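S.K.: Have a look at this one.
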Ligand code: AHR
């Protein structure tokens, strides 16, 4: 089998947005406690942060981290998490039926973010709270001086404002499971008033209105349309959330998850543009794909029946080779839509459906899905290029005929370097890839190449065998007569860098 694609430096989509490589830390399960924070761990620093997790976060190439939720934020009181730790209240977290000790709050998390070298995207609670509490947390975070909450932050040890620019106006308020769930009209009005008030304090903020919590919601698109009719002028982004898993063992459809993500993005963009047209606005909204990943959601047991616990084990999915190929492909989809999707957060960072796993008191390790994320974040540079794949197709139960090859490329006009990212979705056969390179600087050579594939599609990394699945050099990756060639193994993700 063979496949190719046309690549031309003139066919640009948009610059690679660093925020595409975002992640998500929610007060959920063991993401925060025994994830990023574990004061008794042998690697803990003076602030109680696990340095093994900090090092892996940096290696992952994370740019921005959404915080503090998620469903958690819809019942969260941010002021519980400031001031002397001994005085902080323990609260019920209704979203995950857990106890929140508030040992980590804004000031601690911002300290962690600085150490990790990441921007913070802060979500305000529009579930149980409203305009005033959003203004208060904004004041605590961003007001330089002189006001009550700026002085409180200073009294708590942080003189300079945190300067957060990107705020999510709530989380998944279309979902009946959400504490403080709302109709589109109720949410749209609240989001509009919150955005207007926050902007009157800081006009330059980047604000995200909640889109649907998945494209399978019965209100999908209608929710976006109604919310945006109410908020269009006051927000910059509409959010999108999507999780994928093999349904009934249908690996072929699962490997084509990026087809669904493409469709999701174009549907949300079309809905936003139609509202813009109706409002006679020239403004184009961007998409913040601020929750995405593989999640074995059908195996998820709601925790309502169990005891109230601090940091219970919740959705600690172990990821396979096939999952990593899908994650690599979802990143291809996000890059392909860089003209609209300029921020995206893989959910989540540690332990909870995460690329990084830890054991309390024990090791931290890279799950299979760590690798395509880290490599894409490191190698995607410059402009995203539109590619035109020529590929055989295969039939899927969920999406009909789907190309076996998916691809995207980036081109750094300053250095002339090119990176191609490709996926072979065939379950048993390799694909011979050929990419003519006319139009690029002469003398390009393959200087780095990586493939993630394995004869055992279900192989995983574990605490005992953390390096079972690692990427290796791409097979036969070379340039001959101006054509890049490589052999793509079945069910594989590959990145090839040309310099
Ligand atoms: O990431 C896990 C959960 O998935 C988040 O809390 C919620 O926003 C989504 O439904």
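The values are calculated or read from the model by the stated rules, or taken from the named source; none is laboratory data. None of these values were measured; they are calculated from a predicted model. Every residue, glycine as well, gets a Cβ built from its backbone with ideal geometry; the counts of neighbours run over all protein chains shown.
S.K.: Can you pull out the residues in the range 85-97 that are within 16 Å of the ligand (Cβ to nearest atom), assigned to a loop (DSSP other than H, G, I, E, B) and touching a strand residue (DSSP E or B) at 6+ places or on another chain (Cβ under 9 Å)?
M.R.: If the condition is that a residue be within 16 Å of the ligand (Cβ to nearest atom), assigned to a loop (DSSP other than H, G, I, E, B) and touching a strand residue (DSSP E or B) at 6+ places or on another chain (Cβ under 9 Å), then 97 is the only one that fits.
S.K.: Residue 144 versus (1) closer than 18 Å to residue 202 by Cβ; (2) within 16 Å of the ligand (Cβ to nearest atom); (3) in a loop (DSSP other than H, G, I, E, B): which is the lone unmet condition?
M.R.: Single failed check for residue 144: (2).
S.K.: Applying the selection to the range 431-457, what residues are touching a strand residue (DSSP E or B) at 6+ places or on another chain (Cβ under 6 Å) and closer than 17 Å to residue 329 by Cα?
M.R.: The answer is 431, 433, 449, 450, 451, 452, 453.
S.K.: Then there is this: Scan the range 1-39 for residues that are within 16 Å of the ligand (Cβ to nearest atom) and part of a loop (DSSP other than H, G, I, E, B) and jot them down.
M.R.: 25, 26, 27, 28, 29, 30, 31, 32, 35, 36
S.K.: Does residue 42 satisfy the criteria of being more than 16 Å from the ligand (Cβ to nearest atom) and in the same structural domain as residue 336 (by TED's automatic domain parsing)? Steps first, please.
M.R.: On the way: more than 16 Å from the ligand (Cβ to nearest atom): yes; in the same structural domain as residue 336 (by TED's automatic domain parsing): yes.
For residue 42, the condition - more than 16 Å from the ligand (Cβ to nearest atom) and in the same structural domain as residue 336 (by TED's automatic domain parsing) - is met.
S.K.: Same structure, new question: Does residue 161 satisfy the condition of being surrounded by fewer than 21 Cβ atoms within 10 Å (Cβ to Cβ), within 20 Å of residue 78 (Cα to Cα), more than 24 Å from the chain's Cα centre (by Cα) and more than 16 Å from the ligand (Cβ to nearest atom)?
M.R.: yes
S.K.: Restricting attention to the range 341-366, which residues are out of contact with any helix residue (DSSP H, G or I) (no Cβ under 8 Å at 6 or more places or on another chain) and within 16 Å of the ligand (Cβ to nearest atom)?
M.R.: Residues satisfying the conditions are 345, 347, 348, 351, 352, 353, 354, 357.
S.K.: I'm checking my understanding of the structure. Among residues of the range 70-81 that are out of contact with any helix residue (DSSP H, G or I) (no Cβ under 9 Å at 6 or more places or on another chain) and at negative phi, which one is nearest to the ligand (Cβ to nearest atom)?
M.R.: Filtering the range 70-81 for residues that are out of contact with any helix residue (DSSP H, G or I) (no Cβ under 9 Å at 6 or more places or on another chain) and at negative phi, the one nearest to the ligand (Cβ to nearest atom) comes out as 71.
S.K.: Could you tell me how many of the residues in the range 243-261 are touching a helix residue (DSSP H, G or I) at 6+ places or on another chain (Cβ under 6 Å) and either closer than 17 Å to residue 400 by Cβ or buried (at least 20 other Cβ atoms within 10 Å of the Cβ) (or both)?
M.R.: Qualifying residue count, the range 243-261: 4.
Residue by residue, here is whether (1) within 16 Å of the ligand (Cβ to nearest atom); (2) more than 22 Å from the chain's Cα centre (by Cα); (3) in a loop (DSSP other than H, G, I, E, B); (4) in the same structural domain as residue 369 (by TED's automatic domain parsing) holds:
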residue: 53; (1), (2), (3), (4): no, no, no, yes
residue: 57; (1), (2), (3), (4): no, no, no, yes
residue: 65; (1), (2), (3), (4): yes, no, no, yes
residue: 83; (1), (2), (3), (4): no, yes, yes, yes
residue: 99; (1), (2), (3), (4): no, yes, no, yes
residue: 112; (1), (2), (3), (4): no, no, no, yes
residue: 121; (1), (2), (3), (4): yes, no, no, yes
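S.K.: Additional query: Looking only at residues in the range 270-295 that are assigned to a helix (DSSP H, G or I) and touching a residue at least 40 places away in the same chain (Cβ under 8 Å), which one is surrounded by the most Cβ atoms within 10 Å (Cβ to Cβ)? Let's see the steps before the verdict.
M.R.: Taking the range 270-295 as the starting set, the residues that turn out to be assigned to a helix (DSSP H, G or I) are 270-278.
Then keep just the ones that are touching a residue at least 40 places away in the same chain (Cβ under 8 Å); that gives 271-272, 274-276, 278.
Values: 271: 22, 272: 24, 274: 14, 275: 21, 276: 16, 278: 12.
The selected residue is 272.
S.K.: Taking residue 123, is it surrounded by 21 or more Cβ atoms within 10 Å (Cβ to Cβ) and at negative phi?
M.R.: Yes.
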